[in-house]
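Novice: I'd like to ask you about the structure that follows.
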Amino acid sequence: MPRLTVAMPKGRIFEEAVELLRRAGLAIPPEFEESRKLIIPVEEAGMDFILAKPVDVPTYVEYGVADIGVVGKDVLLEEERDVYELLDLKISACRLSVAGLPDWQPTDAPRVATKFPKLASRYFREQGAQVEIIKLNGSIELAPLIGLADRIVDIVSTGQTLKDNGLVELETITSITSRLIANRVSYRMKSEAIDFIIDKFSTVVPKGVEV
Ligand SMILES: Nc1ncnc2c1ncn2[C@@H]1O[C@H](COP(=O)(O)OP(=O)(O)OP(=O)(O)O)[C@@H](O)[C@H]1O
Ligand SMILES: O=P(O)(O)OC[C@H]1O[C@H](OP(=O)(O)OP(=O)(O)O)[C@H](O)[C@@H]1O
């Protein structure tokens, strides 16, 4: 079978994704998590893993330097890269929500701070609401506290960050889990190897409603 290059997200998703690979029966060695190397060949699995920043995974896959990758649905919705979404891996579950201060009063064009400007614009446009989007790169919850924005669009998992900052979740935009994605050409040229991986994952991903 042809060798596959797999783009793995560093950070939050990484450990759960590695655990899933192992449960799927792929021989991922213990050194995998310990090294600072960014390209890790795993001969037993016939794969080369590249460790990327989560937001960049769809870019590596779209350009074909990785055949497949693991990425959060939030990133897929924001980046709008031309890739195939093959499987809901049902790991790293969270949700994307609108939040704000509890006493927030509607204004004509509220300012919305977010790491996800395209996704947030689309959401409010579909709601028929006119908003001004302010792109931030982290600590999004800070924006309404210091008057930069009226609302935020951000990831909520335990809800602790919102609670600790006196914010409330107003609307859930969508549920988020990590997905297996593929480059369009790789999916045709290396279909046997990619289908093999999908089958392996399918045996360990819990069945249930796709989100
Ligand atoms: N509580 C959470 N907060 C943020 N992302 C989460 C959470 N739970 C699961 N995720 C998933 O993890 C991904 C983000 O992972 P991570 O925080 O490692 O990346 P990042 O946002 O690039 O981090 P940073 O910019 O802080 O380095 C998201 O795309 C999402 O799918
Ligand atoms: O509901 P919770 O379990 O509290 O998780 C949600 C928080 O986690 C993420 O932030 P992250 O830790 O990635 O920090 P940053 O975006 O501010 O860099 C996200 O942007 C929320 O702030």
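The values are calculated or read from the model by the stated rules, or taken from the named source; none is laboratory data. All values derive from a computational prediction rather than experimental measurement. Note: ideal-geometry Cβ built from the backbone for every residue, glycine included; neighbour counts use all protein chains shown. These area figures cover heavy atoms from the full protein model, side chains too; ligands, DNA and RNA do not enter into them. Shrake-Rupley method; radii C 1.70, N 1.55, O 1.52, S 1.80 Å.
Novice: Put a dot 7 Å past each Cα toward the Cβ at Asp48 and Phe196; how far apart are the dots in nm?
Specialist: With each label placed 7 Å out from Cα toward Cβ, I get 1.7 nm.
Novice: Any of Lys37/Lys135; Lys10/Lys118; Lys135/Lys207; Lys115/Lys200; Lys90/Lys190 with alpha carbons more than 28 Å apart? Name them for me. Walk me through the intermediate numbers first.
Specialist: Details: Lys37/Lys135 31 Å; Lys10/Lys118 23 Å; Lys135/Lys207 36 Å; Lys115/Lys200 33 Å; Lys90/Lys190 24 Å.
Flagged as over cut-off: Lys37/Lys135; Lys135/Lys207; Lys115/Lys200.
Novice: Using a 1.4 angstrom probe and counting only protein chains, how large is the accessible area of Met1 in Å², to 10?
Specialist: 140
Novice: Further, regarding this structure: Give me the percent of DSSP beta bridges within the chain that run antiparallel, rounded to the nearest 5.
Specialist: Values: 26 of 41 bridges.
Once the DSSP bridges in the chain are tallied, antiparallel ones form about 65 percent.
Novice: If the elastic network links every pair of Cα atoms under 10 Å, which of Ser157, Ser92, Ser139 fluctuates the most in the Gaussian network model of the chain?
Specialist: Largest GNM mean-square fluctuation: Ser139.
Novice: Could I ask something else about it? Taking the Cα centre of the range 1-144 as origin, sum charge times position over the Cβ atoms of Lys and Arg (+1) and Asp and Glu (-1), and report the length of that vector in debye to the nearest 20.
Specialist: On the way: 18 positive and 24 negative charges, 47 e Å.
Computed about the Cα centre, the dipole is about 220 debye.
Novice: With +1 on each Lys and Arg Cβ and -1 on each Asp and Glu Cβ, and nothing else charged, work out how big the dipole of the range 56-138 is about its Cα centre, in Debye to the nearest 20.
Specialist: On the way: 10 positive and 14 negative charges, 54 e Å.
That gives the range 56-138 a dipole magnitude of about 260 debye.
Novice: Given contacts defined as C-alpha pairs under 8 Å and at least six residues apart, what's the relative contact order of the chain, whole-number percent? Could you put the intermediate results ahead of the total?
Specialist: Numbers: 404 pairs, mean separation 59.5, N = 211.
Once divided by the residue count of the chain, the mean separation gives 28 percent.
Novice: Turning to a different aspect of this structure: Dipole size in debye (nearest 20) for the range 44-93 around its Cα centre, Lys and Arg Cβ +1, Asp and Glu Cβ -1?
Specialist: Roughly 160 debye, rounded to the nearest 20.
Novice: May I pose another question? Once the Cβ-Cβ distance between Glu33 and Asp108 is put in as r, and R0 is 45 Å, what FRET efficiency do you end up with, to the nearest 0.05?
Specialist: Working: r = 50 Å, r/R0 = 1.11.
It comes to 0.35.
Novice: So which trypsin sites (Lys or Arg not before Pro) in the range 1-101 end up in coil per DSSP with only 13 or fewer other C-beta atoms within 10 Å? Each step should come with its number before you reach the end.
Specialist: Details: sites: Arg3, Lys10, Arg12, Arg22, Arg23, Arg36, Lys37, Lys73, Arg81, Lys90, Arg95; in loops: Arg3, Lys10, Arg36, Lys37, Arg81, Lys90.
Of the trypsin sites (Lys or Arg not before Pro), the ones in loops of the range 1-101 whose Cβ has at most 13 other Cβ atoms within 10 Å are Arg3, Lys10, Arg36, Lys37.
Novice: OK, next. In square nanometres and to one decimal, what's the mean projected area of the convex hull around the Cα atoms of the chain?
Specialist: Working: hull surface 50.6 nm².
With the hull built on Cα positions only, its mean projection is 12.6 nm².
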